[in-house]
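One structure below.
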Amino acid sequence: MSLLFFVIKIYKLWYTFVMAIISDNNDFQKNSKTQGKNPIVKMETIEYDKTFENTIRPKTFEDYIGQTALKETLKISIEAAKLRERPLDHLLFYGPPGLGKTTLAGVIAEQMGADIKITSAPSLERPRDIIGILMSLKGGEILFIDEIHRLNKVAEEILYPAMEDFSLDMTTGKSQTVKTLRVPLPKFTLIGATTKAGELSGPLRDRFGIIHRLQFYTIEELTQVIKRTAGILDIKITEEGAVAIARRSRGTPRIANRLVKRVSDFALIKYDGVITDEVANNSLDVLNIDEFGLDTTDRAMLNLIIEKYDGGPVGIETIAAALSEDVRTLEDVCEPYLLQSGLLQRTPRGRKVSPEGYRHLGKKIDSYQQSLF
Ligand code: ADE
């Protein structure tokens with residue numbers, strides 16, 4: 001009997017301790033109550049242009065353009081989970097930035113009729129950060145962790161039993177007197193997003209039941225995204241104008257939405273307010289965005305490899321240092337599209353500009369380089 005009292009006392013102490021730890025994380029709980037159904041509650045660490053992104057962010061699968069195959073399998077998983085009255089399996093989305101991983105998580109939450117909490121791995125620095133979030137979850141809620149490949153080891157270890165058994169393993173005492181307590185958590189769904197699936201540890205990856213890669217968007221899909229955004233923002237645009245912007249959006253809706261806003265400024269100030277293909281092309285030329293959607297940094301990267309390193313191969317650190325750019329920006333933002341569009345190649349000895357890359361920049365390949373392809 002006294003042992004039972006002892007266990008209950010320890011549990012109570014732990015509960016008080018953990019609640020004290022998470023009390024500073026309670027803001028999002030307050031928010032979720034004030035925002036009604038399916039609030040997307042953001043931690044302050046993620047930059048978020050509420051007025052722009054939130055108004056154009058699709059909330060349903062019908063509004064969400066592209067990723068057709070993925071949407072179909074997700075709809076089935078969601079319906080099955082609802083029928084079984086169980087939370088959706090943990091999901092991992094990977095792919096280049098701007099393809100709509102966060103947006104899709106919001107759509108899933110809406111479809112499940114669940115609340116969603118959104119955070120990113122770099123903001124889960126201390127154990128109490130992840131414990132706080134996990135203990136604040138309600139049954140069926142969705143936890144979205146962006147850049148999940150950047151989760152530290154301790155946070156990962158805390159996440160394993162949470163994902164597998166919906167529990168937190170707590171330890172008390174020191175060495176010989178150490179005790180482990182299992183604190184039950186409500187059943188939740190974790191949606192992880194990463195631009196670098198390869199950097200996720202094996203054990204973490206294995207705990208996701210559903211893993212999907214998001215694809216770059218086609219010109220047709222981006223045209224639809226642009227027309228939808230223009231409609232919401234009351235921007236006048238012709239079909240050809242939308243196609244012209246889509247062509248230079250690097251297969252990425254986030255870029256398409258950004259460009260439609262930039263071009264609409266030009267249309268308003270320098271033209272008669274309507275985005276035609278001429279208005280779009282002239283404005284994007286002024287903004288230094290070329291017919292492939294490459295910007296100044298992309299072209300500087302290709303130019304540097306051609307001019308200074310004979311077309312490559314050259315290491316990414318060397319390129320970053322020469323351009324005074326961050327390695328991560330080059331790897332996560334510039335490279336995926338340059339690789340996908342075949343302008344750049346990645347080899348074990350570094351990055352190489354492809355013959356298409358030379359052609360795109362109007363450069364001649366010398367006979368030595370030619371022999372390497
Ligand atoms: N805005 C950003 N991504 C979108 C998508 N996939 N569909 C519609 N609008 C979007």
If you rank Met163, Met112 by fewest surrounding Cβ atoms within 10 Å, what's the result? Met112, Met163
Non-local residues with an amide H under 5 Å from the amide H of Tyr217, with H modelled 1.01 Å from N and Pro and chain starts lacking one, are Thr252
Exposure proxy check on Asp298, Asp326: fewest-to-most Cβ neighbours within 10 Å is Asp326, Asp298
For Thr229, Thr297, what's the fewest-to-most ordering of other Cβ within 10 Å of each Cβ? Thr297, Thr229
Projected onto their principal axes, the Cα atoms of region 209-354 stretch, largest extent first, over whole-Å spans of 49, 45, 23
For region 241-246, take each phi angle, set θ = phi - 60°, evaluate the Karplus expression 6.51 cos²θ - 1.76 cosθ + 1.60, and give the result in whole Hz per residue in order, putting x for glycine and proline. x, 5, 5, 4, 5, 4
Note, region 215-220: 3J(HN,Hα) by Karplus (6.51, -1.76, 1.60, θ = phi - 60°), whole Hz, Gly/Pro = x, goes 9, 4, 8, 7, 4, 5
Largest first and in whole Å, give the semi-axes of region 170-234's equivalent ellipsoid, each being the square root of 5 times a Cα gyration tensor eigenvalue. 45, 17, 10
Semi-axes of the equivalent ellipsoid of region 296-372: what are they in whole Å, largest first, if each equals the square root of 5 times a C-alpha gyration tensor eigenvalue? 19, 13, 12
What are the extents of the Cα atoms of region 222-265 along their three principal axes, listed from largest to smallest and rounded to whole Å? 24, 18, 16
If I model region 67-113 as equal point scatterers sitting on the Cα atoms and use the Debye formula, what is log10 I(q)/I(0) at q = 0.13, 0.27 Å⁻¹? -0.29, -1.13
Nearest 5 is fine: what % of DSSP beta bridges in region 91-235 come out antiparallel, could you say? 25
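No lab work stands behind these numbers, since they all come straight from the coordinates. Keep in mind that this is a model prediction, so the values were computed, not measured. Here the Cβ is made from the backbone with ideal geometry for all residues, glycine too, and neighbour counts use every protein chain on show.
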